[in-house]
Amino acid sequence: MESVFGLVGKDFGIVAADTSAVHSILVHKTNEDKIMVLDSHKLMGASGETGDRAQFTEYIQKNVSLYQFRNGIPLTTAAAANFTRGELATALRKNPYMVNIILAGYDKETGPSLYFIDYIASLHKLDKAAFGYGSYFALSMMDRHYRRDMTVEEAIELVDKCIMEIRSRLVIAPPNFLIKIVDKDGAREFAWRESIKDAPVSTAA
């Protein structure tokens, strides 16, 4: 029952994702971060099998860092998206990753951008995108309320509307969400939207 969605505004990109780690009918944790900070100005939100998601996003992050280390300049968001798409396409013929990706970034020359990459390696540049069961509700809310010239405050209000719709309409809705933002100041965590917290682990004997 994963939910990952994102959008771009006038000078920023936002990615939001649920934070539930689920296997079969069990919820293992409710504070899993599914949005990888690729570099200083890129975010990668991912949904899919837990192992594939963790392994593939870390693999992309390290290769993006390696490129910058070797060449002295970072990959653009478009280049990172095409590299990611290429790796998924290569794996598709060998040992495919069951992972869907929303990649958001900010470049000095072109501003914010957002890319939709699914597990069969299709790549699209979009203004708004979503994956998972929550996408049915997030996409309908964004279709109704999204504008390309939204401010950060308006975009966060729309993200909150999407989260509330998912929580109220999805039969097994994830309780907690994490929101991250990328703009000219970099990629960073913006806010948590929590309805439950994981209980602390006791250290008593």
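Looking only at residues of the range 111-124 that are more than 11 Å from Asp11 (Cβ to Cβ) and in contact (Cβ under 8 Å) with a residue 40 or more places away in the chain, we find that the one that is surrounded by the most Cβ atoms within 10 Å (Cβ to Cβ) is Leu114.
Counting only residues that are open to solvent by less than 40 Å² (accessible area, probe 1.4 Å) and either within 20 Å of Gly132 (Cα to Cα) or among the polar types (S, T, N, Q) (or both), the range 55-72 holds 3 of them. Could you pull out the residue among Lys94, Lys62, Lys161 that is among the basic types (Lys, Arg), farther than 24 Å from His41 by Cβ and part of a helix (DSSP H, G or I)? Selected residue: Lys161, the only one of Lys94, Lys62, Lys161 that is among the basic types (Lys, Arg), farther than 24 Å from His41 by Cβ and part of a helix (DSSP H, G or I).
In the range 167-205, how many residues are at pLDDT 80 or above and either of a type in the set (Asp, Glu) or within 20 Å of His28 (Cα to Cα) (or both)?
If we filter the range 167-205 for residues that are at pLDDT 80 or above, which is where we start, we get 167-194.
Subsequent filtering for residues that are either of a type in the set (Asp, Glu) or within 20 Å of His28 (Cα to Cα) (or both) retains 167, 170-178, 183, 185, 189, 192-194.
Final tally of qualifying residues: 16.
One residue is enough: does the range 106-118 have a residue meeting the conditions of a type in the set (Lys, Arg), closer than 23 Å to Phe190 by Cα and modelled with pLDDT under 95? Yes: the range 106-118 contains one or more residues that are of a type in the set (Lys, Arg), closer than 23 Å to Phe190 by Cα and modelled with pLDDT under 95. In the range 184-198, how many are touching a helix residue (DSSP H, G or I) at 6+ places or on another chain (Cβ under 8 Å) and either more than 18 Å from Met1 (Cα to Cα) or surrounded by 13 or more Cβ atoms within 10 Å (Cβ to Cβ) (or both)? Going through the range 184-198 one residue at a time, the tally reaches 3. When Asp39, Asp18 are screened for being among the charged types (D, E, K, R) and surrounded by 22 or more Cβ atoms within 10 Å (Cβ to Cβ), only Asp18 passes.
Each residue in the range 165-189 was checked for being within 20 Å of Met150 (Cβ to Cβ) and in a loop (DSSP other than H, G, I, E, B), and 2 of them qualify.
Filtered by the rule that a residue be open to solvent by 10 Å² or more (accessible area, probe 1.4 Å) and out of contact with any helix residue (DSSP H, G or I) (no Cβ under 7 Å at 6 or more places or on another chain), the range 92-110 gives Leu92, Arg93, Lys94, Asn95, Pro96, Asn100, Tyr106, Lys108, Glu109, Thr110. Considering every residue within the range 127-141, establish whether at least one is within 13 Å of the chain's Cα centre (by Cα), assigned to a helix (DSSP H, G or I) and modelled with pLDDT under 95. Yes, some residue in the range 127-141 is within 13 Å of the chain's Cα centre (by Cα), assigned to a helix (DSSP H, G or I) and modelled with pLDDT under 95. Residues of the range 1-33 that are farther than 17 Å from Ile163 by Cβ and among the hydroxyl-bearing types (Ser, Thr, Tyr): Ser24 alone.
The values are calculated or read from the model by the stated rules, or taken from the named source; none is laboratory data. All values reported here derive from a predicted model rather than from experimental measurement. In this analysis, Cβ positions are derived from the backbone assuming ideal geometry, glycine residues included, and neighbour counts consider all displayed protein chains. Keep in mind that these areas ignore ligands, DNA and RNA; they rest on the heavy atoms of the full protein, side chains included. Shrake-Rupley method; radii C 1.70, N 1.55, O 1.52, S 1.80 Å.
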